[in-house]
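Every number here is computed from the coordinates shown, using simple stated rules; none is lab data. Just so it is clear, the model here is predicted, and its values are computed rather than measured. For neighbour counting, all protein chains shown are included, and Cβ atoms are generated from backbone atoms with ideal geometry for every residue, glycine included.
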Amino acid sequence: MSSIKGEHLDVELEPQGSAVRRALDLVPERVTSFILLVIFLAGWQAAVVVFGISALVLPSPMEVLDWLIRGFTEPLSSSASFWYHLGVTAWESLVGFIGGCAVGILSGFALAHWAKTGRILYPYIQAFNALPKIAIAPLMIVWLGYGLSPKIVMSAILVFFPMLISSMAGYHSVDPDRIDLARVCGASNRQLFWKIILPSSMPFIFAGLHMAVVLAMLGAIVGEFVGATSGLGMLLLQYNNNLQVGGVFAILVVLGAVAFCLSILMQYAERYFCFWSRREKNFGGV
Amino acid sequence: MKSRIYSSVVALLLATSSYADAQNLTTFRVVKANANLNIGEDVFMMAVPKQLGYFKEEGLNVELLPAQGGAQAGQIMITGGAEAASILAEAILKIRESNGDIVGFYTLKQNNGFSIGVLPGSPIKTLADLPGKKIGFGQAGAGSDQLLTRQLRNMGIQGNFTPISLGYGAQVATGVKSGQVDGLFFWDSLYAIMSNQGLKLNHIEVPIQDELAGFQLAFRSDYARKNADKIIGYCRAMSKAYQFALTNPKAAVELFYKEFPSTIPAGKDLSAAVTDGVVILQAWLKSATSKLPGGTAPGIEFKERWENSQKTYRDLGVLKGDSDVTKAYTTEYYDKCNNFDRAAIIAQAKAMK
């Protein structure tokens, strides 16, 4: 590592090596990460065996693996297939995510642009945001019936608020001097929005998206808890109520893996769309 | 890979919809009072009649929809989300007090099957030992703890127990094992599940349940007026399956697992899973039918029990108790639901190994 120390400047520069070198720099960290996982799993298995812990309290990793193998090797048409239920939850989450983001971002920009309207509506938005969403989930079933709609709406509701807040914050973060300069140069409102406001807001929007992508899945799961015939949430509840704790853990593993993948995806998306924004290069291994 | 999955899903959807259309089957939705599939009423309300073609014989394509409890099930049905609902009798009375159109017409379970469960060696031997103890409920304040209190008062037992909400799931078993609660107040099939997993409990009966109207199948009267044939069709198919399950619970469990493979435990041999399932089903059926008057087919209900339910829950403050209880139920469908060749069903069940 090079280091330049000056009176007012103390900056460390990373070497701009080749992609191979950078990859090799990362390898030890990933290996360490993997070793940690192996140690954790081995310790868990040993604890269950040595202390005779009941499967109702803590199933062993091998039991969880049994559930995962069974779940992912069942035919797609079987109600025991994790792929099938994952597909249902993923679809609900995706549609809810897109809908919630679209409405949240548009609403955020609108409320930020028309500030007076924003100030009038903001207390109600905050009040609704504070409501425990799981309390309204059963009502969604009564109002919207079964099927995917109530889960999509739950997902969209959970996504809406962080996107609204982050969009408003993004809008307000735009340097007013840039707006003034653009106007002086004859920019139209449309150009102001597409060329300055939206790009400037992107880091804030992506901060919201990082939360929203996981909340979308949580919303779908919550919706499935209260009335569903398919989906990972339904399966989780079924396993829990039938005291099949190994199955519960298996679903939690799947959800964790999906959340991790979505997080990585969002980081890549942020790097692509906000390439100018400075980020810690090795954050999350991306 | 993605296109294969997509085309499989599309093919499956098309096949299902075209199959139903080809059969000219009418969709009949039943919303049940719990959110997950388990061995109990789901065996004969859905799995057995579907697998053996009883629904098809009645021209029905039945969907079983989950709900978070009987109140939500009733809500969904009266707002048109389903054609029938499984629901507790007191929930029917409660909904009717809010002018909800709901009528019980078939008793799925004569005794709801709740009992006190305690660890062997527990100092709780009878209901008289409950005062001063911590008792675990699914949800304290939802009615079952008040019912247990009423049982104690009826027996002249003063003093209170402390109700603890445990929810539903593994924490119920761990709650009693760890001593966080001194006993549980849960139902037969859940105890059977715990027994299968190695937790054997001693049970103390709560006889007040024999005096109250049992777990019901209900409809909206405005729907029944125009669609009595569908109500009877579903009920008859379900009654056949009920008889089948009573005759051969092992075959019934196998059919349940065939219909709902997601309920089969992983890492367990199917025959062992069936054996466990039979234990659960038999526990459920014992509560459901052991108090039936001799030779009576399942489904019957009595005015006295409905009146007792209204009186009991009025005294507990759950009901206002001012609605006409005779309008909350009907016995008109009982004979029609049981109008089938019972001997043939029994023979069919016995023939299945």
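Among beta bridges from DSSP that stay inside segment B:114-211, the antiparallel ones total about 55%.
Each Lys and Arg adds +1 at its Cβ and each Asp and Glu adds -1 at its Cβ; summed about the Cα centre, the protein assembly as shown shows a dipole of about 400 debye. Take the Cα of A:Trp143, step 7 Å toward its Cβ, do the same at B:Ser98, and the gap between the two points is 1.6 nm.
With a 10 Å cut-off around each Cβ of B:256-269, the average count of Cβ atoms from other chains is 6. Only helical runs count toward this figure. For the protein assembly as shown, summing -39,500 (n - 2.57) over DSSP H runs of n ≥ 4 and dividing by all residues gives -19000 deg cm²/dmol at 222 nm.
Just want the answer: with Cβ charges of +1 for Lys and Arg and -1 for Asp and Glu, which residue in B:Leu246, B:Cys235, B:Ala288 is farthest toward the dipole's positive end in segment B:144-299? The residue sitting farthest along the positive end of the dipole is B:Cys235. Given their separation in residues at 0.36 nm each and the Cα-Cα distance between them, A:Gln126 and A:Trp91 gain 9.8 nm when the chain is fully extended.
In straight-distance terms, cross-link reach from A:Lys116 covers every one of the lysines whose alpha-carbon lies under 29 Å from its own, apart from those fewer than eight places away in the same chain; here that gives A:Lys133, A:Lys195.
Residue order for A:Phe82, A:Phe273, fewest other beta carbons within 10 angstrom first, comes to A:Phe273, A:Phe82. When the P(r) is computed for segment B:114-211, the part past 24 Å accounts for 12% of the Cα-Cα pairs. Taking the longest Cα principal axis of chain B as reference, the axis of helix B:221-247 is set at about 80 degrees. Distance between the 7 Å Cα→Cβ label points at A:Ile39 and B:Thr296: 6.7 nm. A simple count of charges around A:Met202, restricted to other residues whose Cβ falls under 12 Å of its Cβ and scoring Lys, Arg +1 and Asp, Glu -1, yields 0.
With respect to chain B, whose longest principal axis is taken over its alpha-carbon atoms, helix B:342-351 is tilted by about 90°.
May I ask you to list the aspartates and glutamates whose Cα is less than 16 Å away from that of B:Lys320, ignoring any residue fewer than eight positions away on the same chain? Leaving aside aspartates and glutamates fewer than 8 places away in the same chain, those within reach of B:Lys320 are B:Glu90, B:Glu97, B:Glu307. Using Cα centres only, tell me the gap between segment B:274-336 and segment B:210-224 in whole Å. Going from one Cα centre to the other spans 8 Å. With the Cα gyration tensor of segment B:60-115 giving a ≥ b ≥ c as the square roots of its eigenvalues, does the rule (a/c under 1.5 for rounded; else a/b larger than b/c for prolate; else oblate) give rounded, prolate or oblate? Oblate, because a/c is 1.5 or more while a/b does not exceed b/c. Within the same chain, lysines fewer than 8 places from B:Lys133 are excluded, and of the rest, those with a Cα less than 19 Å from its Cα are B:Lys125, B:Lys177. Going by neighbour counts of Cβ atoms within 10 Å, the residues B:Tyr334, A:Tyr84 line up, fewest first, as B:Tyr334, A:Tyr84. Take each peptide in A:32-44, B:66-78, count the other Cβ atoms within 10 Å of every residue, and average; sorted highest first, the result is B:66-78, A:32-44. Dipole orientation for chain A: of the candidates A:Ile39, A:Val20, A:Pro59, A:Val20 has the Cα lying most toward the positive pole (charges on Cβ; Lys, Arg +1; Asp, Glu -1). Which pairs in the list B:Lys32/B:Lys109; B:Lys240/B:Lys353; B:Lys32/B:Lys353; B:Lys94/B:Lys291 are over 23 Å apart, alpha-carbon to alpha-carbon? Pairs exceeding 23 Å: B:Lys32/B:Lys353; B:Lys94/B:Lys291.
Treat the count of other C-beta atoms within 10 Å as a stand-in for reagent exposure and order A:Met211, A:Met62 from fewest to most.
By the 10 Å Cβ count, ascending: A:Met62, A:Met211.
The modelled label-to-label distance for the pair B:Lys353/A:Ser77, using points 7 Å beyond Cα in the direction of Cβ, is 2.8 nm. With all projection directions averaged, the alpha carbon convex hull of the protein assembly as shown covers 38.5 nm².
Projecting the Cα atoms of B:Ser189, B:Gly159, B:Gly175 onto the charge dipole of segment B:114-211, computed from C-beta unit charges around the Cα centre, puts B:Gly175 farthest toward the positive end.
State the antiparallel share, in %, of DSSP beta bridges confined to the protein assembly as shown, rounding to the nearest 5. Here the antiparallel bridges make up roughly 60 percent for the protein assembly as shown. The dipole here belongs to segment B:114-211: it is taken about the Cα centre, uses +1 on the Cβ of Lys and Arg and -1 on the Cβ of Asp and Glu, and is about 280 debye.
Applying 1/(1 + (r/R0)^6) with R0 = 51 Å to the Cβ-Cβ distance of B:Asn202 and A:Cys261 gives a FRET efficiency near 0.60.
In terms of its C-alpha gyration tensor, segment B:251-306 has a prolate overall shape, because the principal axis ratio a/c (a ≥ b ≥ c, square roots of the eigenvalues) is not below 1.5 and a/b outweighs b/c.
Relative to the longest principal axis of the Cα atoms of chain A, helix A:61-73 runs at roughly 80 degrees.
Our note on the geometry: Cα centres of segment B:121-170 and segment A:35-77, 36 Å apart. Averaged over the residues of peptide B:167-173, the number of Cβ atoms from other protein chains lying within 10 Å of each residue's Cβ is 6. What FRET efficiency comes out for B:Asn339 versus A:Val31 if R0 is 45 angstrom and r is the Cβ-Cβ distance? Round to the nearest 0.05. With a Förster radius of 45 Å, E is 0.05. Normalising by residue count, segment B:130-283 has a Cα convex hull of 157 Å³ per residue. If you wrap the Cα atoms of segment A:61-285 in a convex hull and average its projected area over all directions, you get 15.1 nm². Computed about its Cα centre, the charge dipole of chain A is approximately 700 debye, with only Lys, Arg, Asp and Glu carrying charge at their Cβ. Each other residue within a Cβ distance under 10 Å of B:Thr331 adds +1 if Lys or Arg and -1 if Asp or Glu, for a net charge of -2. The alpha carbons of chain B give a radius of gyration and a Dmax of 20.9, 69 Å, in that order.
Mean per-residue shielding of peptide B:65-72 is 5, counting Cβ atoms of other chains within 10 Å of each Cβ.
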